[in-house]
Amino acid sequence: MSATVTPIADAHARHAATESARPATDATTVPLAWFDGALVPGDAMQAGLTTHAMHYGSGVFEGVRAYATDDGAAVFRLPEHLERMRLGAEMFALPFNPAQAAEAVLATLRANRHRDAYIRPLAWFGEGSFGLDVEGHVPHMMVASTATHVHLNGTRARLGVSRWRRNPADSLPPLKLCGGYVNSILAKREAKARGFDEALFTDREGRVVECTGANVFMVRDGELTAVAHPDALDGITRDTLLQLTGAQARAVSLEELLQADEVFACGTAAEVAPVAQIEDRHYGDNPVTRELQALYGRVVRGREPAWRHWLTTV
C-alpha cells in the first residue's frame, strides 16, 4: 500500500478510536467505501498533500445510479458507465480494470445495504513529486455510495446562459475527467449568482452544448430532439432516451431552443428534469417531459421487460 492515502489498517484503527468517542446512535451512519481492494470506513480515509489529482485534476470518475426493483437493488447501465470511465483513464495512462470496478460497485452497495443510491467510482493518481508528469505516482481507486441525490432536485429548473464556454473537445475530451469540471463549477456559480438553478453552455456560434452536468432535449410541435454538440458529454441517460424514443439528435441553436414548447435536461443524477425557464423565456406545461419521466422511471426499476438487460443485479 502506498503512502498516498492512509493505509487501510491505520484507517480502521483511527475509525475505531473516533467511534469510541461518538454516541452509539451515530456509529451506524458512517457508510463504507471501497478503496484499493478493501471496504473501509468512508470517513477514515485521507489523501496526502502532494496527491497529483488534487493539484492537477489527474483523475476520472463516474456518476452511477442503483434503483430498488421488484427483484432487489440493481445498477442501471453499469457496463456503459465503466467503459466510459476506462476511456477517460486511458487518456492519463491510468490503470483501470472495468471488471474490478464493477465488483467494487456491487460490493459497496451490498456493504451499505443501499437500494436507491448514487454511486461514485473515482480513479486517480496519488502522492509523489510536484509536476505534471504522472509517472511515479501510484494509481488508486475508490467507490462510495450514498442515498439517492438528484442533481436538479427533481424540480422544474431555471437555466441561465453562461458567459463561460464549455471545454472544446479539441482541447479537452468530453469525458468525466476530474480537472474538466472546474469549467462546470465556474458556470454554475455564475448562474446561481444571477438567481438561476443551473447554467446552460453555448458555443461562439450560438449553438447549445449542454448544462454543467446534464444533456439537453427539446420538444417542438410534438417532435422530440436531442441536442448534439461535439463538446458535450456523450451522456448515458441521453443515449437511453434516444433508444427508448427513436428521437433525432442534431445541432440546436439557442434561438431554436428558446422557441421550443418544452425543454428538459437529463443525466444520471438529474434523470429527466423539466426546464421552467431559460433566461427571460418561461415555458408552460411539460406533458411530453412528464411522459418520458414516467417511462424512464419504469425502465430503471425493471418494469419494462424489453430493457431489463440494462440492469445489473446487486
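Could you check segment 37-103 for strands (runs of 3 or more DSSP E) lying wholly inside it with 2 or more residues that are crowded, with 21+ Cβ neighbours inside 10 Å and in contact with an Asp or Glu (Cβ under 9 Å, 6 or more places away or on another chain)? Working first, answer last.
Details: elements: 38-41, 59-61, 64-69, 72-76.
Ranges flagged: 64-69.
Just one of Val161, Val143 is of a type in the set (Val, Ile, Thr) and more than 24 Å from Arg84 (Cβ to Cβ); which is it?
Details: Val143 fails: more than 24 Å from Arg84 (Cβ to Cβ).
None of the others qualify; the one that does is Val161.
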For this session: Can you tell me which residue within segment 98-129, out of those that are over 16 Å from the mean Cα position of the chain (by Cα) and of a type in the set (Ser, Thr, Tyr), is modelled with the lowest pLDDT?
Result: Ser129
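Could you list, in sequence order, all residues of segment 143-167 that are polar (S, T, N, Q), out of contact with any Phe, Trp or Tyr (no Cβ under 6 Å at 6 or more places or on another chain) and at pLDDT below 90?
Restricting attention to segment 143-167, the residues satisfying the condition of being polar (S, T, N, Q) are 145-146, 148, 153, 155, 162, 167.
Keeping just the survivors that are out of contact with any Phe, Trp or Tyr (no Cβ under 6 Å at 6 or more places or on another chain) gives 145, 153, 155, 167.
Asn153, Thr155 - these are the residues of segment 143-167 that are polar (S, T, N, Q), out of contact with any Phe, Trp or Tyr (no Cβ under 6 Å at 6 or more places or on another chain) and at pLDDT below 90.
What are the residues in segment 45-72 that are more than 24 Å from Ser184 (Cα to Cα) and in contact with a helix residue (DSSP H, G or I) (Cβ under 6 Å, 6 or more places away or on another chain), if any?
Restricting attention to segment 45-72, the residues satisfying the condition of being more than 24 Å from Ser184 (Cα to Cα) are 45-46, 48-50, 66-72.
Of everything in segment 45-72, those that are more than 24 Å from Ser184 (Cα to Cα) and in contact with a helix residue (DSSP H, G or I) (Cβ under 6 Å, 6 or more places away or on another chain) turn out to be Met45, Ala66, Tyr67.
The values are calculated or read from the model by the stated rules, or taken from the named source; none is laboratory data. Bear in mind that the values here come from a model prediction, so they are computed numbers and not experimental data. A quick note on method: Cβ atoms are made from the backbone with ideal geometry, for glycine too, and the neighbour counts reach across all protein chains shown.
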